[in-house]
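The values are calculated or read from the model by the stated rules, or taken from the named source; none is laboratory data. Note that this is a predicted model, so its numbers are computed, not measured. Cβ coordinates were reconstructed from backbone atoms using ideal geometry, including for glycine residues, and neighbour counts include every protein chain displayed.
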Amino acid sequence: MDNDLAPRERWPALMASAQAGDREAYTQLLRAIVPAIRVLVRKQIADSVLVDDVIQDVLLTVHRVRHTYDPAFPFLPWLMAIVQARAVDALRRCGRYQQRETEDERAYDGAMVENPEHRENEEQLAQILDQLPSRQRQIVEHIHLQEMSLAEAAARHNLSIAAVKSLLHRALTNLRRMGANHGQS
């Protein structure tokens, strides 16, 4: 085979062959789609390091979900959906990280000093959460305080994602009721 990249028209056939176990076709497909992935990611993300991370993420996802591609349909929209999802995930992670960062050195210095008001707020939060049933409290702590994903919390507690969502909903409903009752006393 020549080293030229496979034209887009051949991508569905290459993926079908790859799904059937043809390693050469799979290698050829991956080499051919990387430039297209790079172009798609760069349209959404400016940071070149993050672009490379997203490309790797996309390739891993393509590998993991390659069985879901139906060769009767165009390949590029399937690939674009994966690129879009991985780019959004990367931007969310990046945004969460940036929200925790600060440019103000004084803010950092002040954070190192024990703040009595902060401790008081933590104690109040702990008291409120302690009023929840144990499983609901753990789910709230993992998802909202430790920023676990629903899937991570589900795996941690050996539950389905639906069960975690249900527990979280019940916990938040209970917390709202406690807040309403607290405001009336």
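Quick look at the numbers
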item	result
Test: residue in segment 11-19 that is closer than 16 Å to LEU79 by Cβ, in a loop (DSSP other than H, G, I, E, B) and either modelled with pLDDT under 95 or among the β-branched types (Val, Ile, Thr) (or both)	no
Subset of segment 1-33 [among the hydrophobic types (A, V, I, L, M, F, W, C) and either within 20 Å of VAL88 (Cβ to Cβ) or loosely packed, with under 12 Cβ neighbours inside 10 Å (or both)]	MET1, ALA20, ILE33
Number of positions in segment 27-46 that are free of Cβ contacts under 8 Å to residues at least 24 places away in the same chain and either in contact with a strand residue (DSSP E or B) (Cβ under 9 Å, 6 or more places away or on another chain) or not hydrophobic (A, V, I, L, M, F, W, C) (or both)	4
Among the residues listed as VAL39, VAL65, VAL58, the single one being in a helix (DSSP H, G or I), under 24 Å from GLU147 (Cβ atoms) and modelled with pLDDT of 85 or more	VAL58
